[in-house]
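One structure is given below, encoded as structure tokens.
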Amino acid sequence: MGLRVEDLSRRLKSLEQRIIILEQENAELRAENDRLRERLQLNSRTSSLPPSRDLYKANRKNRSKSERKGGQPGHKPHGYQQQEADEIINLFPDVYSCGHVMEIIDTFCVEQKIELPPIKPYVTEYHRWQGVCRGCGKKKTAPLPNGVQCDLLGDRAKAVISSLSGFFNNSKRDVQQILENIFNLTISLGLVSATEKRVNKTLASTYKDLVSQMEDSAYLHIDETGHNCRGKRGWGWMFTNRDMSLLKLTSSRGKKVLESMLPEYEGIVISDRYGAYRHFEEKKRQICWSHLKRDFERIAQSRNTLLACQGESLGNISRDVFALDKDFKAGTISRFFYKIRMRKIKKRMLHALKGILMIPDVPHAHRVAKNLLDSFDMMWRFVENSEIDLTNNLAERQIRKYVIYRKKSFFTWSQRVNEFMERILSLFLTCSAGRESKIPS
């Protein structure tokens, strides 16, 4: 009987140890399951993933229709604006259905029809006569006029080719077909490439002017994206503001790129919280609130109830910041009221971030909260300086043009093409959207 009791006692202890092990495994698996569920919910709204990487697309069919009809008050119309006519044709009514002659009055309606003229290349032929010196007997050929180069194509033809390939994301073969089918100009693929090379050299001085303009600007939006040259990983950097945009393709995403491009920059930098931007002093940095909003939404989707509650609170704070900034820029509230409200919002946000640190067993949220507290002062530069945006959306919009090129062309394969893309995209982005560029034409 005693042996039986000892055997059962040993078995009981063994089962208790087994239960402890299983409880630990269960807790670890639950934590891992929560982490995987949270990662499964990552999308373009809660992380830096692009919309193309979203696993689950929003179902537009289930969205409720808006009750608003037509253009809203204050919306600028974008309909067709009548242009000055090159030819006016008057049309008069003759006889009405009753058979009487019509009397013409002083009113008429206007209908414009736009047509493209037939496109034919304009060919200029220079007859360069030769002469013989009566003294030494040497021959001399008449030079071309100033501004006329020895290659086949003129300046406008080069501009069209470089625009089609560099900015409008067409392949060289597509450019060749567009020129042949639309412009009635037949050229070889080699001439398309040679034209890019010539335009690239022409734009070298313009690109340097943009670099100088960038270094002297009061503020800059900076963003980076992946790049690939000759099969090697690289990065494309976008430096932009409301007056200029500059693309730089490099092999590095590190701080050394910023040290070489902006060694002693004195303006304000608007960016995300990527570590390379620590090259700039904290007092000269503005953190992007669009990135903060995504972080808050990710926290709000946590399976931890307390953490999700704090994330929801931070999400409400970010919405208040955007709404208040919009009202101030629209002129509906004064600067005094704007600053008072922002001061209250800052206190709410500081309290919410410290509250996250009090929640147990959420190490990832603790790291995010500590990072945000370390960057807290860099979130509010836009309050004191109205020229600074609270988001880095401008840089993301500008760099999107290169991202589209990258997806369509499968990256670049030479340093010359890298330079061409840097210069042509920088020029076009600077001059787009009605900007008045300070660079020479």
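The values are calculated or read from the model by the stated rules, or taken from the named source; none is laboratory data. Note that the structure is predicted; figures quoted are calculated from it, not measured. Heads up, the Cβs are rebuilt from the backbone with ideal geometry, glycines too, and the neighbour counts pull from every protein chain shown. Note: accessible area is taken over every heavy atom of the protein model, side chains too, but ligands, DNA and RNA are not part of it. Shrake-Rupley method; radii C 1.70, N 1.55, O 1.52, S 1.80 Å.
Estimated from the Cβ-Cβ distance and a Förster radius of 60 angstrom, the FRET efficiency linking Phe428 and Arg11 is about 0.15.
By the rule of a C-alpha distance below 12 Å, with chain neighbours fewer than 8 residues away ignored, the aspartates and glutamates paired with Lys172 are Glu196. The order of Leu29, Leu429, Leu191, Leu15 by accessible area, most exposed first and with a 1.4 Å probe, is Leu29, Leu15, Leu191, Leu429.
Going down the table (Lys346/Lys370; Lys326/Lys354; Lys293/Lys370; Lys256/Lys407; Lys293/Lys344; Lys255/Lys284), which pairs top 20 Å between alpha carbons?
Lys326/Lys354; Lys256/Lys407
For the stretch 190-234, carbon and sulfur atoms together expose 48% of the accessible surface, with a 1.4 angstrom probe and every protein chain in place. Both numbers refer to the Cα atoms of the chain; Rg and Dmax are 32.6, 138 Å.
Using the beta-carbon distance between Gln112 and Phe336 and R0 = 41 Å, what value does 1/(1 + (r/R0)^6) give for FRET efficiency, to the nearest 0.05?
Efficiency, rounded to the nearest 0.05: 0.20.
Solvent-accessible surface of the chain, taken per residue with a 1.4 Å probe and all protein chains present: 69 Å². The coefficient of translational diffusion for the stretch 160-239, derived via Stokes-Einstein from the alpha carbon Kirkwood radius under 20 °C and 1.002 mPa s, stands at 142 µm²/s. Over all orientations, the stretch 91-165 has a Cα convex hull whose mean projected area works out to 13.0 square nanometres. Ordering Pro145, Pro118, Phe167 by the projection of their Cα atoms onto the charge dipole of the stretch 105-175, which places +1 on the Cβ of Lys and Arg and -1 on the Cβ of Asp and Glu, puts Pro145 at the extreme positive end. Treating the stretch 103-218 as a set of equal point scatterers at the Cα positions, no solvent, please give the Debye-formula log₁₀ I(q)/I(0) at q = 0.10, 0.13, 0.16 Å⁻¹. The Debye formula, applied to the Cα set alone, gives -0.57, -0.76, -0.93. Applying both filters, DSSP loop and at most 16 other Cβ atoms within 10 Å, to the GluC sites (Glu not before Pro) of the stretch 350-441 gives Glu387, Glu436. Measuring how big the stretch 182-311 is from its alpha-carbon positions, Rg and Dmax come out at 20.3, 68 Å.
Taking only the alpha-carbon atoms of the stretch 268-407, what semi-axes of the equivalent ellipsoid follow from 5 times the gyration tensor eigenvalues under a square root, in whole Å, largest first? Don't jump to the answer; show the numbers that get you there.
On the way: eigenvalues 119, 91, 45 Å².
Semi-axes (√(5λ), whole Å): 24, 21, 15.
Surface composition of the stretch 328-426: carbon plus sulfur atoms contribute 56% of the solvent-accessible area (1.4 Å probe, protein chains only, all chains present). Given +1 at the Cβ of Lys and Arg, -1 at the Cβ of Asp and Glu and no other charges, the dipole of the stretch 235-316 around its Cα centre is 240 debye to the nearest 20. Centre-to-centre, using Cα atoms only, the stretch 19-38 and the stretch 174-229 are separated by 54 Å.
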